[in-house]
Every structure is written in structure tokens, then in C-alpha cells.
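S.K.: Supplied in C-alpha cells, the structure appears directly below.
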Amino acid sequence: MTAATTNPPDAIRLSEQDNVAVAVRDIAAGSAVAIGEIRLTTLDAVPLGHKISLRPIRAGEKILKFGVPVGSATVDIAAGCHVHMHNVRSDYLNNRQEHWE
Amino acid sequence: MTMDQGRQEEQTLRGWPRRDGRKGIRNYLLVAYLVECAHHVARAIAAPFEAEGVQLIGFPGCYPSDYAFSMMQRLCTHPNVGGVLLVSLGCEEFRRSELAETIARSGRPVTIAVIQERGGTKDTIAFGRSWVERTLAELAAQPRVPVGFADLVVGTECGGSDGTSGITANPAIGIAVDHLIDQGGTAMFEETCELLGCEAHMAGRAATPGLAAEIMRVMRKADDYYRDLEHGSFGGGNITGGLSTIEEKSIGAYAKSGTRPIAGLLTPGVLPPRPGLYLMDMVNDGGVRFGIPNINDTATVVEMVACGCHLVLFSTGRGSVVGSAIAPVIKVCANPATFRKLAGDMDVDAGRILEGRATLAEVGREIFDTIGAVAAGMPSKSEALGHQEFILTYKTFEPLGPSCLPV
């Protein structure tokens, strides 16, 4: 608990409405994380700049970041998960090719 | 760093007056090739003078293009440009004499070196270097006048965005943009393809209902265009850096625009008619033509430079190193881990915000002060490292309607 509550935090929630927070450092799976009032244990590793679910998110539910939708969940997501390409899709344009490194 | 320091910078700002009333913060001499076939000769002319402010730009195409012609007119009469040497092969479809006349009418020294008429590569290089040498001496003697923030036009761009960009560097740039607008300056943001999801909010910031409708129109155009292309402006390093969708990238990028009203809508090469904040539409009119509108970050930077930007604020998370011909680029690094790896390329360390070592407001002020310092002559990191990236490709735009630039 002590490591998670020292300043700076492990992750930041950009808006009160958000169901995800952004990791401000690489977080290992199984870490105890405190984000404001929320306490959770990460189920996945979450790298710096990536999103972590703050509560269970149902398939089809909007992912909220900065208080606005930034995509939709494609599967049910538990609290403490890495939220990314494997469980989120764009409500605008999804690129067909996936050839990044 | 304080606003007072920014104002002190302003008092010492001196630039080059141009005939059209604008003022330059640099006095570069351009060597511009008018077709790829003249690229090597132009580069060979410019290379020995790189440290003396000679820069290389050009248009590679041989097919005629009204868009490329108007862009070259704007770029060759940009306030940071003091003179231009045009290098032509001779048989390309480019109206070189008309371009030279435009440059001459703007009060700048200009000449055309036609390779087919000058006796080939060697003789054209010799002619060009001798003209450049003489013209540099002429430019060095030109008088300078005071410049204020109200004279400045600043572009904003992001490249190599990641999950930190929208939290640190982009909102800090937004604060600097607000400061600049409040001082009577001009700023622009662009890449409508990277603002998908922000259209309603942007329309709400438009100065008039007519402009709001135009913003919604160009955003629909961007959405349709990239759907037809079947590939949006998202992928690669964005995904590695934690961004999952184009709209997530967009909302982070949008923070660069700050909070002031949107005064108008530009297309590449259109000059802002008065101070304020402008959005630029960069997607071809008339459906998919000439392929991907902006094939890389430099294409966007060049378009903003053609709209008169004196310098560009460039936010990066993954770590872009590019600069630009004509306008110095100020790098604002969003990611603290990237800054530690690429410190030599970065002007501002916005990742400090994530590590509790600075506030957003402090970094915003630092960016604003850096605008003043670079405008006063301090080379930005990319400028000092010799970066002068440039690219110009084919596009087509309809003229802007009257609602785009409300009086």
C-alpha cells in the first residue's frame, strides 16, 4: 500500500467519469495500485502510457478517457486489466492491417 | 520561467520586415528544385552553405499541379525566407517564370538556373554556388525591426504520439497556445484525420454558426476519405505506446489547440487573415485522389509553414527527431523515458509532469518562453542539429467558402 500511495501515483484518472486510468510508469501484473479512492490489484502488466480498467467493463460498453468515449469494449473486462487492442475497438475507423513492431 | 521573461524576450525580438507586412524570425536563402530531376544539382549547390542558413526545398513531380504551384509560391515568399534560387531541369511542367516573378515582386532576390540551358550538372552547380555566395552577403546586410508576439504565427503538430502525449505535452502546448492568442498572436492546428471524435467540441468553439457547419463538413470529409482508403492515421508506435483507437489519439492531440475560440478554417497555403486560432483542413476535396493526404509528419509541418507559421511546436511521445526547412521546430517531449533516451533532440521535457517534477502550467509557460527565445534567434534543438526536412506532394482543394474565414 505504501508504494502505491506515494507521490507521484502509479496511474492517473483524467476525468471522474473515466472507467480507465493511464499508467505513469510500467506496472507489473499483481501489483497493488491506488488511483484516487480506488484500490485494485492489476491482473495484467500495464506499461507506461497504457490504460488500466478501474472497474468491470461489459462488452459493448464505451471506454471513457478524458471524460469522452475513445472506443468500445469488445469483451467483458475485469477491473485491473490492461485495456488495449485485444479488448477495445474504434467507433470510427479500425485499420485492417496490423503490422507494427 | 515566467510570463515576465517571455515579455523580456519580446522586447529583444528583432526580425526581417517583408513587403507584405509580415516579419521573419529567420532570413534563410532557399535553393528550390522544381522537379526531382533537378534535386541533386540543387542539393549540391546548397550543401556547402548549410551552416550559413541556406536550405533545400522542392517539388518532385513533373505533372502540373495548381496546388503545388501555390504552395511553392507561399513557401518561397514565407517571412523567414530572404531569397530564392530556383533550379529547373528545363522540360518539367512547372511555371518557373511565374514563380520567379512572384518572388521578385515580394522584394526578394531570385534567379532561375535551368540545367538544360546552363550546360549541365557541373556548370549549373558552379553558377548556383556563385549566386548563393553573392546573395548571402546581400542578405547579411539587411536591416532588422522589432517583432512582437502579435507578429508570430505558430503551428502545432504531434508525431510519434503515445499514451503520455495527451496528458503532458499536448495540453502543455495548449496552454502555450492560449498565452500566444492572449498576446495577440496566431496559432493553428491541423490533421482533421487525427481529430475524429472531437468534431462536436470543435464546432462548439467556432466563432460563428457558419464556421461550425464548415468544421463539421471537413470532419465528415476526413472520416469518409480515410474509410475509403481503408487505413486511418493510427498505428505502429501509437499502439506500442498505449493508444488503442484513432479517437483516443485524437482527443489527446486536440489538447494542443488550447481553449480559445476557433477563428477560422484554413487549407494549406491560405494565410490567416487576422490573429487568433485556426483549424486547417488537409484532406483532398472530391474523394480519394493522389492517395494518402499526409504521408508523414513533415507533410503536415510544410502545410502549416505554407500558411505562414514562423515556427512549429511539435509534441512527441515515442521520440520524433524531425525539424523543418523554413520554420524552426520546437520539440516538446511527452514521455519521461523517451526524454532520457533522446534528450539531445528535445527542447522541453513535459514528462516531468508525470513524475511530479513540474505542473502542466509550468511546462506551458516554459513552452511559451521557448517560443520567445527561438523567435529571438536561439536555434531549436532540431535546427541546431541541421534538420531541415521537407516534402511536397500532389493534392487538390476547392476554394474556401465565405463562412470559413468570418470577418
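The values are calculated or read from the model by the stated rules, or taken from the named source; none is laboratory data. What you see is a predicted model, and the numbers here were worked out from it, not measured in a lab. FYI the Cβ positions are ideal-geometry reconstructions off the backbone, even for glycines, and counts take in every protein chain you see. Keep in mind that these areas ignore ligands, DNA and RNA; they rest on the heavy atoms of the full protein, side chains included. Shrake-Rupley method; radii C 1.70, N 1.55, O 1.52, S 1.80 Å.
S.K.: Just name the residue that is nearest to the other protein chains (Cβ to nearest Cβ) out of those in segment B:334-376 that are hydroxyl-bearing (Ser, Thr, Tyr) and over 30 Å from B:Trp16 (Cβ atoms).
M.R.: So the residue we want is B:Thr338.
S.K.: Closer than 30 Å to B:Gly185 by Cβ and either charged (D, E, K, R) or modelled with pLDDT under 95 (or both): which single residue out of B:Arg108, B:Arg96, B:Arg118 fits that description?
M.R.: Only one candidate qualifies: B:Arg108.
S.K.: With the checklist (1) surrounded by fewer than 19 Cβ atoms within 10 Å (Cβ to Cβ); (2) at negative phi; (3) modelled with pLDDT of 95 or more in hand, flag the one item B:Glu366 doesn't pass.
M.R.: B:Glu366 satisfies every listed condition except (1).
S.K.: Hey, another quick one. Under 8 Å by Cβ, and 6 or more places apart or on different chains, what pairs join a residue from segment B:153-171 that is closer than 21 Å to B:Val305 by Cα and within 14 Å of another protein chain (Cβ to nearest Cβ) with one that is open to solvent by less than 10 Å² (accessible area, probe 1.4 Å) and aromatic (Phe, Trp, Tyr)?
M.R.: B:Cys158/B:Phe314
S.K.: What do you reckon, is B:Asp178 crowded, with 24+ Cβ neighbours inside 10 Å, more than 16 Å from the chain's Cα centre (by Cα) and either farther than 22 Å from B:Asn296 by Cα or not aliphatic (A, V, I, L, M) (or both)?
M.R.: no
S.K.: Name the single residue that is farthest from A:Ala32 (Cα to Cα) among those in segment A:72-85 being within 12 Å of the chain's Cα centre (by Cα) and not aliphatic (A, V, I, L, M). Reasoning before the result, please.
M.R.: Initial filter on segment A:72-85 (within 12 Å of the chain's Cα centre (by Cα)): A:73, A:77-85.
After this cut, where a residue has to be not aliphatic (A, V, I, L, M) as well, the list is A:80-82, A:84.
On the way: A:Gly80: 10, A:Cys81: 12, A:His82: 14, A:His84: 20 Å.
Across segment A:72-85, the extreme among qualifying residues is A:His84.
S.K.: Here is a follow-up. Can you tell me how many residues within segment A:22-39 are part of a strand (DSSP E or B) and within 28 Å of B:Ala350 (Cβ to Cβ)?
M.R.: So the count comes out to 7.
S.K.: Check B:Pro406 against each of (1) open to solvent by less than 40 Å² (accessible area, probe 1.4 Å); (2) within 26 Å of B:Gly276 (Cα to Cα); (3) in a helix (DSSP H, G or I) and name the one condition it does not meet.
M.R.: Of the numbered conditions (1) open to solvent by less than 40 Å² (accessible area, probe 1.4 Å); (2) within 26 Å of B:Gly276 (Cα to Cα); (3) in a helix (DSSP H, G or I), the odd one out for B:Pro406 is (3).
S.K.: Ok, one more. Out of segment A:53-96, which residues are of a type outside the set (Asp, Glu), free of Cβ contacts under 8 Å to residues at least 40 places away in the same chain, at the interface with chain B (Cβ under 10 Å from one of its Cβ atoms) and assigned to a loop (DSSP other than H, G, I, E, B)?
M.R.: Those that are of a type outside the set (Asp, Glu), free of Cβ contacts under 8 Å to residues at least 40 places away in the same chain, at the interface with chain B (Cβ under 10 Å from one of its Cβ atoms) and assigned to a loop (DSSP other than H, G, I, E, B): A:His84, A:Met85, A:His86, A:Asn87, A:Ser90, A:Tyr92, A:Leu93, A:Asn94, A:Asn95, A:Arg96.
S.K.: Which members of segment B:55-74 meet the condition of being buried (at least 24 other Cβ atoms within 10 Å of the Cβ) and more than 19 Å from B:Phe290 (Cβ to Cβ)?
M.R.: B:Ile57
S.K.: Can you find a residue in segment B:204-227 that is in contact (Cβ under 8 Å) with a residue 40 or more places away in the chain, surrounded by fewer than 19 Cβ atoms within 10 Å (Cβ to Cβ) and hydroxyl-bearing (Ser, Thr, Tyr)?
M.R.: Within segment B:204-227, one or more residues are in contact (Cβ under 8 Å) with a residue 40 or more places away in the chain, surrounded by fewer than 19 Cβ atoms within 10 Å (Cβ to Cβ) and hydroxyl-bearing (Ser, Thr, Tyr).
S.K.: Which number in (1) farther than 21 Å from B:Gly148 by Cβ; (2) assigned to a helix (DSSP H, G or I) marks the one condition that B:Phe390 misses?
M.R.: Exception for B:Phe390: condition (2).
S.K.: Would you point out which residue out of B:Leu139, B:Leu196, B:Leu152 is of a type in the set (A, V, I, L, M, F, W, C) and out of contact with any helix residue (DSSP H, G or I) (no Cβ under 7 Å at 6 or more places or on another chain)?
M.R.: B:Leu139
S.K.: Next up: So which residues in segment A:74-85 are among the hydrophobic types (A, V, I, L, M, F, W, C) and buried (at least 20 other Cβ atoms within 10 Å of the Cβ)?
M.R.: The answer is A:Ile77, A:Cys81, A:Val83.
S.K.: Which one of these is closer than 20 Å to B:Gly386 by Cα and within 17 Å of the chain's Cα centre (by Cα): B:Val283, B:Val270, B:Val301? Give the derivation first.
M.R.: Values: B:Val283 fails: closer than 20 Å to B:Gly386 by Cα; B:Val270 fails: closer than 20 Å to B:Gly386 by Cα.
So the residue among B:Val283, B:Val270, B:Val301 that is closer than 20 Å to B:Gly386 by Cα and within 17 Å of the chain's Cα centre (by Cα) is B:Val301.
S.K.: Among the candidates B:Ser233, B:Ser250, which residue alone is more than 7 Å from chain A (Cβ to nearest Cβ), under 21 Å from B:Val332 (Cα atoms), touching a helix residue (DSSP H, G or I) at 6+ places or on another chain (Cβ under 6 Å) and not in a helix (DSSP H, G or I)?
M.R.: Sole residue among the options that is more than 7 Å from chain A (Cβ to nearest Cβ), under 21 Å from B:Val332 (Cα atoms), touching a helix residue (DSSP H, G or I) at 6+ places or on another chain (Cβ under 6 Å) and not in a helix (DSSP H, G or I): B:Ser233.
For (1) under 12 Å from the mean Cα position of the chain (by Cα); (2) surrounded by fewer than 19 Cβ atoms within 10 Å (Cβ to Cβ), each residue gets a yes or a no:
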position	(1), (2)
A:Pro9	no, no
A:Asn19	yes, no
A:Val22	yes, no
A:Glu37	no, yes
A:Thr42	yes, no
A:Ala45	yes, yes
A:Leu48	yes, no
A:Ile52	yes, no
A:Lys65	yes, no
